[in-house]
Amino acid sequence: MTDPSFTPIPVLQGEPSPGRGSIPTPALVGGLFSRRQIRSITDGVTNFIIKTGGISIILCILGMCVFLVKEVIPLFLPPQATPTESISLSPLERPSASALIGIDEHQELAYVLRGDSLEFVFIGEATSAVPKIPSRGLLPDGSVTALARAFGKGHSLAMGTEDGRVIPVAIEFTQDFQGNERSIAPSVTVGNPMIAAPTPQPITKMAYQSTDSEVRIAALLQDQHLWLTTSRNTFRPDGTAAASITQVDLTPSIPGRVTALTLGSRAELLAVGTEEGKVCHFDLREPAKPGLVEMTQASERSEAITALAYLMGDRSLVVGDASGQVAVWMPVREHAATNTTHMKPIHRFAPHPSAITDITISQRDKGFITTDTGGEIRLHHSTSAQTLLTLAPQQGAIRNTYFSPKADGLVGLAENNRVVHYLISNPYPEITLATLFSPIWYEGYEQPKLVWQSSSGSDDFEAKFSLTPLIFGTIKGTVYALLLAVPLAVLAAIYTAMFMHPNLRAKIKPTIEIMAALPTVVLGFLAGLWFAPVLERNFPAMAGMLLVMPLAIALSTGLFLMLPASLKHRVRPGVEALLMMPIIVAVVWGCLETNTWWESFLFDGHFKPWLQTHLGLNYDQRNAIVVGVAMGFAIIPIIYSISEEALSNVPKNLIAGSLALGATRWQTLAHLVLISASPGIFSALMIGLGRAVGETMIVLMATGNTPIMDWSLFNGFRTLSANIAVEISEAPHGGTLYRTLFLAGLLLFVATFLLNTVAELVRQRLRKKYSQF
């Protein structure tokens with residue numbers, strides 16, 4: 001019934017009814033778009049954002065890959081030599097058979113010493129702009145019969161005369177800047193002459209070296225006598241200096257006619273080559289009693305030795321003979337227990353077509369230049385055992401060559417008195433695939449080895465850039481971390497998903513997943529500064545735990561199963577594992593308290609000597625065990641979380657059906673759940689593996705960072721990622737170390753990409769295979 005007093009209020013069609021909470025009709029929402037259009041626009045924008053983000057990530061990854069490849073490619077580019085215009089020298093009034101050439105570090109001004117005539121010439125672009133500096137004679141009387149250069153001492157030369165004198169000559173280059181233009185001015189200092197032998201005879205060959213306190217000369221006279229002369233300065237208390245001269249005839253110790261000789265840069269070694277292909281090695285540390293250390297047959301064909309030179313550092317000797325053979329000899333210790341060494345040919349290079357005439361060493365690395373009578377010039381590198389360049393100037397035979405101080409050019413003096421010059425681009429001569437991944441015979445080693453050592457305290461250090469020890473260390477750390485993490489994480493995931501009480505699972509699972517948020521730098525800090533010393537002090541107890549813990553768990557489990565059913569039913573299903581906690585704590589506490597007894601029982605009282613004596617193992621405080629535990633602790637949450645989700649997502653109706661058919665929980669787990677969850681578990685293992693491969697801070701802080709190749713649990717290692725973190729701050733931009741570190745990063749990138757690709761293919765195959773369960 002309607003109240004007649006009620007009068008309805010008219011409402012216009014499409015207008016909201018009055019009142020609070022009134023809802024507008026679609027006709028007035030926005031006025032332009034319907035709800036379906038707004039939803040469509042929102043979906044399109046969201047789809048665009050997602051696609052853009054995915055494509056951006058792919059582009060960023062590709063950009064990283066391209067950048068890494070761009071930084072690595074220069075390591076493997078072939079060296080190049082660019083010739084400049086040859087320069088003609090002024091004719092000499094008295095032609096000389098001996099000549100030396102050199103150049104400043106900027107390759108702008110070269111000098112040529114022919115006999116006693118010294119001439120400076122401008123090289124390259126400066127040739128047409130600046131005239132030659134007139135030649136000058138350095139001797140007022142007498143003639144020069146031999147010339148020598150002191151390697152490693154700048155431009156320090158010596159002239160041997162027909163009357164047996166040796167005259168030092170020092171050339172220096174001074175730079176001056178006027179605005180943006182650089183000018184170089186040479187200066188020449190002629191020292192006081194020294195007598196090379198008691199009898200005045202022409203010097204036919206000579207080796208010269210000077211140090212801060214002494215000058216040493218090995219002079220071969222016309223009568224084939226080889227004299228060693230040492231001039232040493234001693235300072236008196238009043239500040240004045242007195243020179244003492246020692247002369248020794250080395251001829252009785254040398255069989256045959258001398259054809260080549262050279263001194264080391266520290267004037268402690270002398271090598272003498274003979275006509276029969278032998279090389280005599282002398283120790284000159286006692287100038288008055290030089291000793292013949294060893295005599296080697298350096299020429300395989302017994303050809304005359306025509307050129308000798310010590311490489312930078314004086315450990316390696318380059319030998320060239322009349323048949324064109326070139327070899328690098330090094331002192332090698334035959335037995336590790338003794339210090340006795342013998343010279344051995346370590347690297348042999350492709351022979352020249354004719355006799356070797358000159359060997360010039362690099363002042364920056366283990367490179368050197370060889371020339372032959374046919375005028376061919378070759379650039380070699382000792383570490384890589386490679387002939388990098390072969391040059392054939394059109395000026396005829398080369399009398400002398402010189403490696404520029406920065407090893408980026410060379411100058412040579414041809415027989416037609418023209419100066420040839422090459423600009424060399426060879427910034428990474430020590431890098432080849434062999435030096436990166438194969439054993440190399442380095443100076444001071446008994447055999448070829450895989451070594452990473454990028455720097456040292458001396459300038460004559462031979463850099464070692466083998467990545468194989470770093471790859472090995474990466475694999476070693478990953479394996480030991482997975483050996484700990486995989487069983488614990490997967491078994492914990494199985495128990496949590498299949499056997500643990502739901503209430504307890506709701507607390508345990510988030511707790512383990514929170515562990516993944518711990519910074520690895522904190523884990524590395526604790527592992528290196530706390531856990532490593534604790535493990536070292538209590539290692540016998542830890543070994544005892546490995547023996548006692550399985551027995552204690554097995555015994556306690558057996559006793560629990562033997563309990564009456566009335567007692568077992570009082571324990572809520574799914575929490576039985578909590579009963580093990582007091583037993584585990586008791587075993588750990590008991591072993592730690594009896595650490596001394598375990599050390600006496602297992603290791604005869606001292607575990608470190610026992611490991612060394614019985615197993616040949618050295619115990620380092622920061623070792624693979626420490627890294628394995630810390631890194632395993634970091635990847636356990638990842639493997640556990642993904643594995644537990646995969647196991648929990650197995651359809652419950654399948655599990656219920658299996659149990660209803662009479663299968664036990666363990667049978668259901670083995671024959672149904674694990675098979676159905678295998679794609680997810682495999683993904684968890686692969687993600688954990690990738691996490692372990694790329695781990696940096698834990699390895700950096702918890703291991704000794706020693707790049708060695710040994711599977712021992714008790715020593716350290718170095719991984720690719722940790723090596724990048726350690727070395728990159730000290731790597732000069734664009735240098736060999738810098739680009740090699742980028743190569744290590746590229747290897748990690750490629751390894752991770754391939755690993756993830758293979759893992760995804762396997763996962764998809766497993767998923768397809770078991771999708772019908």
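Looking only at residues in region 376-399 that are of a type outside the set (Val, Ile, Thr) and modelled with pLDDT under 90, the one that is nearest to the chain's Cα centre (by Cα) is Ala392.
Please note which helices (runs of 4 or more DSSP H) are completely contained in region 515-581 and include at least 1 residues that are open to solvent by less than 30 Å² (accessible area, probe 1.4 Å) and either more than 24 Å from Ala489 (Cα to Cα) or hydrophobic (A, V, I, L, M, F, W, C) (or both).
Values: elements: 520-526, 532-537, 539-562, 565-568.
Output list reads 520-526, 532-537, 539-562.
From the list Ile635, Ile675, Ile642, the lone residue that is open to solvent by 30 Å² or more (accessible area, probe 1.4 Å), modelled with pLDDT of 90 or more and part of a helix (DSSP H, G or I) is Ile642.
Being over 22 Å from Thr360 (Cβ atoms) and open to solvent by 10 Å² or more (accessible area, probe 1.4 Å) is a condition met by no residue of region 145-157.
Set side by side, the residues Gly662, Gly616, Gly657 differ, and just one is under 46 Å from the mean Cα position of the chain (by Cα), modelled with pLDDT under 90 and of a type outside the set (Phe, Trp, Tyr), which is Gly616.
Among the conditions (1) part of a helix (DSSP H, G or I); (2) in contact with a strand residue (DSSP E or B) (Cβ under 8 Å, 6 or more places away or on another chain); (3) open to solvent by less than 20 Å² (accessible area, probe 1.4 Å), the only one that Ala485 does not satisfy is (2). Of all residues in region 255-273, those satisfying the criterion of being in a loop (DSSP other than H, G, I, E, B) and open to solvent by 20 Å² or more (accessible area, probe 1.4 Å) are Pro255, Gly256, Arg257, Ser265, Arg266, Glu268. Screening region 83-108 for residues that are touching a helix residue (DSSP H, G or I) at 6+ places or on another chain (Cβ under 9 Å) and not polar (S, T, N, Q) and picking the one that is farthest from Phe122 (Cα to Cα) gives Glu85.
Sort out which residues of region 356-374 are assigned to a loop (DSSP other than H, G, I, E, B) and among the hydrophobic types (A, V, I, L, M, F, W, C), and write them in order of number. Show your work before the answer.
Going residue by residue through region 356-374, those that are assigned to a loop (DSSP other than H, G, I, E, B) are 362-366, 373-374.
None - no residue of region 356-374 is assigned to a loop (DSSP other than H, G, I, E, B) and among the hydrophobic types (A, V, I, L, M, F, W, C), so the list stays empty.
Within region 218-236, being under 19 Å from Glu268 (Cβ atoms) and without any contact (Cβ under 8 Å) to a residue 60 or more places away in the chain holds for Ala218, Leu226, Trp227, Thr230, Ser231, Arg232, Asn233, Thr234. Only residues that are charged (D, E, K, R), at pLDDT 90 or above and under 26 Å from Asp116 (Cβ atoms) were counted across region 60-103, and they come to 0. For beta carbons closer than 7 Å, sequence separation of 6+ or different chains, a first residue in region 88-107 that is outside any loop (DSSP other than H, G, I, E, B) and a second that is of a type in the set (Lys, Arg), the qualifying pairs are Ser88/Arg418; Ala99/Arg114; Ala99/Arg399; Leu100/Arg149.
Yes/no per residue for (1) open to solvent by 20 Å² or more (accessible area, probe 1.4 Å); (2) not basic (Lys, Arg):
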site	(1), (2)
Phe403	no, yes
Val419	no, yes
Tyr428	yes, yes
Thr435	no, yes
Pro469	no, yes
Lys476	no, no
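Listed by first and then second residue, the pairs linking a residue in region 695-712 that is within 20 Å of Val451 (Cβ to Cβ) and among the polar types (S, T, N, Q) to a residue that is open to solvent by 40 Å² or more (accessible area, probe 1.4 Å) and not in a loop (DSSP other than H, G, I, E, B), with Cβ atoms under 7 Å apart and 6 or more places separating them unless they lie on different chains, are Asn705/Val726.
Could you please let me know if Val66 is over 24 Å from Thr357 (Cβ atoms) and either touching a Leu at 6+ places or on another chain (Cβ under 6 Å) or assigned to a strand (DSSP E or B) (or both)? Before you say what the answer is, go through the steps one by one.
Values: over 24 Å from Thr357 (Cβ atoms): yes; either touching a Leu at 6+ places or on another chain (Cβ under 6 Å) or assigned to a strand (DSSP E or B) (or both): no.
So Val66 does not fit the description; no.
Just to be sure before I move on: is Arg418 of a type in the set (Lys, Arg) and within 27 Å of Gly277 (Cβ to Cβ) in the structure I sent? Against the criterion (of a type in the set (Lys, Arg) and within 27 Å of Gly277 (Cβ to Cβ)), Arg418 does not qualify. The residues of region 711-736 that are part of a helix (DSSP H, G or I), open to solvent by 20 Å² or more (accessible area, probe 1.4 Å) and aliphatic (A, V, I, L, M), listed by number, are Ile724, Ala725, Val726, Ile728. Checking Asp283, Asp223, Asp249 one by one, the residue that is open to solvent by 10 Å² or more (accessible area, probe 1.4 Å) and touching a His at 6+ places or on another chain (Cβ under 8 Å) is Asp249 and no other.
Can you confirm whether Leu747 is open to solvent by 40 Å² or more (accessible area, probe 1.4 Å), in a helix (DSSP H, G or I), in contact (Cβ under 8 Å) with a residue 60 or more places away in the chain and under 20 Å from Ile635 (Cα atoms)? No, not satisfied. Of all the criteria given as (1) open to solvent by 60 Å² or more (accessible area, probe 1.4 Å); (2) out of contact with any Ser or Thr (no Cβ under 6 Å at 6 or more places or on another chain); (3) more than 24 Å from Val318 (Cβ to Cβ), the one not satisfied by Lys205 is (3).
From the residues in region 586-622 that are outside any helix (DSSP H, G or I) and touching a Gly at 6+ places or on another chain (Cβ under 6 Å), which one is farthest from Gly524 (Cα to Cα)? By that ranking, first place goes to Asp620. Pull up region 278-310, narrow it to residues that are among the acidic types (Asp, Glu) and outside any loop (DSSP other than H, G, I, E, B), then point me to the one that is farthest from Thr259 (Cα to Cα). Going through the qualifying residues, I end up with Asp283.
The values are calculated or read from the model by the stated rules, or taken from the named source; none is laboratory data. Just so we're clear, the structure is a prediction, and the values are computed from it rather than from any experiment. We place every Cβ from the backbone using ideal geometry, glycine too, and count neighbours over all the protein chains shown. Quick note on the areas: whole protein, heavy atoms, side chains included, nothing else; ligands and nucleic acids left out. Shrake-Rupley method; radii C 1.70, N 1.55, O 1.52, S 1.80 Å.
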